[in-house]
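Data first, discussion second: the structure below is written as C-alpha cells.
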C-alpha cells in the first residue's frame, strides 16, 4: 500500500500536466490579438487609447507582440514550486505530450463561496471536487516549497526575475503571518494551502505598470530557463524554454506587466476558474475553444508555446470565434467591462468571475441524473452526460463557450483602454499644472503682478 501511494504521487502530477490548464496558450494569443483587432476597428472610450493605438510601424508591432508574449508567458512563470518524496523541488509536471507549470494554481478566483483567507480565495484542495484533477494536491508527501516560490515570498537565485518585480502576492490576505507560513513553508501539506486569487497578481501588475517610467527606446531581451518538471515515480526531467520581453519607446517600461493582468482576466471568463476546479471538463472545454476558433475537429498543437518559440501567430488563419457584436454587447452590459466605471482592477476581475460562475458545472446528482457530469447554462438549460464529449457536443453549450470567449476579448480591450488612460491622464494633468506654475513665475518675474 505504501509503495502504491508513493507511485501515485508523480503520476497524479503528470496527470495534472495535461488536464489543469487555464485557456490554452494558443487561445491566450488569439484572444489578445483579437483585442487589438477590436481596438483597431472600433471607437475608443478614451483619447489616451487613441494615443497608444496611433503608434506606427515597428513600434505598433512591438507593442502588440510584447503584450501577446507577456500574456502567453504568464502560464510559464517559475514562481511556484512543489516538492515530494524522492524528488528535488520542481516547478511543473510533464508527460510525453504536455506539461503544466504550477504558477497556474494562482489563476483562479473562487466566487461561489466566502474565502477563508481572501475575500475570494484562489485555488485550493478544500474548494475543489476532491476527485480526478482536483485530488492531486492531497497526494501523500506533496508540499509547497515556499522558500523557492517568488510569488509566495521566497527566492530562487537560479531563476531570477526579469523586468519589474511584483513581489509577494499577499495583498488582501486576511489570515495571520503564521497562517501564511504554515500553508507555504516548513513541512506543510499541499492540500492545506490556499493559493492567492487571480485578482491579486492582476492588480499588482497593473499598479506596477502605472508606476513605471516612460521608456526612451525600443528594447527586447530574451533568456532561457531550464525548468525542473516531475516526470516519473523517481524522476525529475527538465525542459529548456525560451522567454522574451519588450519595451516600447514612449510607453511604460512596465508595459509587459499588462500581460499578467490580461491573462488573469481571460482565465476567469472560464467558469471552472470561477468555481475553483480543475475537474468537470475544464481542459476539454478549453481544448474545444482552440478547435472552434480554427474551425477544426483536430487538437491544436501547442508545442511551440511550450518551448517558447512561437511568434507572429502560429495559426494566423484562426479567428472564427471573434464576434465584435458580442464584444460590444459584453462591454455595454457587464459593468466590470466598462472602462469608464470607477472600479479597481482586482475588483473588476472578481466581478468577471461572478459573471462566469453563472455557468454551473458539477455533479449531475445535483440535476437528478445518473450521468457522470452535468452543466447548467446561465439561461437555466441543463445538460448531463457520461463523458465531457457528450456535454460539449450540444450547440447551446458551444454557443455559451463562444460568448465566454468574447467576454475574454472584451475584458482585454477594457484593460488596454484603462491602462492607457490611467497612465497618460495623470501625467498630462501634471504637465499642465507644471506649465501653469512656470507661466505664473515667468509673469511674476516680469513684473506683471
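The values are calculated or read from the model by the stated rules, or taken from the named source; none is laboratory data. All values derive from a computational prediction rather than experimental measurement. Note: ideal-geometry Cβ built from the backbone for every residue, glycine included; neighbour counts use all protein chains shown.
Data overview
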| quantity | calculated |
| --- | --- |
| Matching residues in segment 42-62 - criterion: being out of contact with any helix residue (DSSP H, G or I) (no Cβ under 7 Å at 6 or more places or on another chain) and part of a helix (DSSP H, G or I) | 47, 50, 57, 58, 59, 60, 61, 62 |
| Candidates 74, 66 - the one that is part of a helix (DSSP H, G or I), in contact with a strand residue (DSSP E or B) (Cβ under 6 Å, 6 or more places away or on another chain) and at pLDDT 95 or above | 66 |
| Residue count, segment 128-138 (criterion: closer than 14 Å to residue 280 by Cα and either without any contact (Cβ under 8 Å) to a residue 12 or more places away in the chain or out of contact with any strand residue (DSSP E or B) (no Cβ under 8 Å at 6 or more places or on another chain) (or both)) | 7 |
| Residue that is farther than 22 Å from residue 44 by Cα and touching a residue at least 60 places away in the same chain (Cβ under 8 Å), where the choices are 349, 392 | 392 |
| Only one of 81, 52 that is under 30 Å from residue 237 (Cβ atoms), more than 15 Å from the chain's Cα centre (by Cα) and at pLDDT 95 or above | 81 |
| Filter pass, residue 401 being part of a loop (DSSP other than H, G, I, E, B), at pLDDT 95 or above, out of contact with any strand residue (DSSP E or B) (no Cβ under 6 Å at 6 or more places or on another chain) and farther than 25 Å from residue 205 by Cβ | no |
| Answer from 13, 5 - the residue that is more than 22 Å from residue 412 (Cα to Cα), modelled with pLDDT under 95 and in contact with a strand residue (DSSP E or B) (Cβ under 7 Å, 6 or more places away or on another chain) | 13 |
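To keep it simple, each residue is scored yes or no on (1) buried (at least 22 other Cβ atoms within 10 Å of the Cβ); (2) closer than 17 Å to residue 84 by Cβ; (3) modelled with pLDDT under 95.
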position	(1), (2), (3)
103	yes, no, no
118	yes, no, no
130	no, no, yes
145	yes, yes, no
149	yes, yes, no
161	no, no, yes
172	no, no, no
175	no, no, no
191	no, yes, yes
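Matching residues to (1) assigned to a loop (DSSP other than H, G, I, E, B); (2) farther than 24 Å from residue 361 by Cα; (3) out of contact with any helix residue (DSSP H, G or I) (no Cβ under 8 Å at 6 or more places or on another chain):
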site	(1), (2), (3)
112	yes, no, no
119	yes, no, no
151	no, yes, no
157	yes, yes, yes
161	yes, yes, no
167	yes, yes, no
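Table: residues versus (1) surrounded by fewer than 20 Cβ atoms within 10 Å (Cβ to Cβ); (2) part of a helix (DSSP H, G or I).
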site	(1), (2)
383	no, no
389	yes, yes
396	yes, yes
405	no, yes
411	no, yes
416	no, yes
424	yes, yes
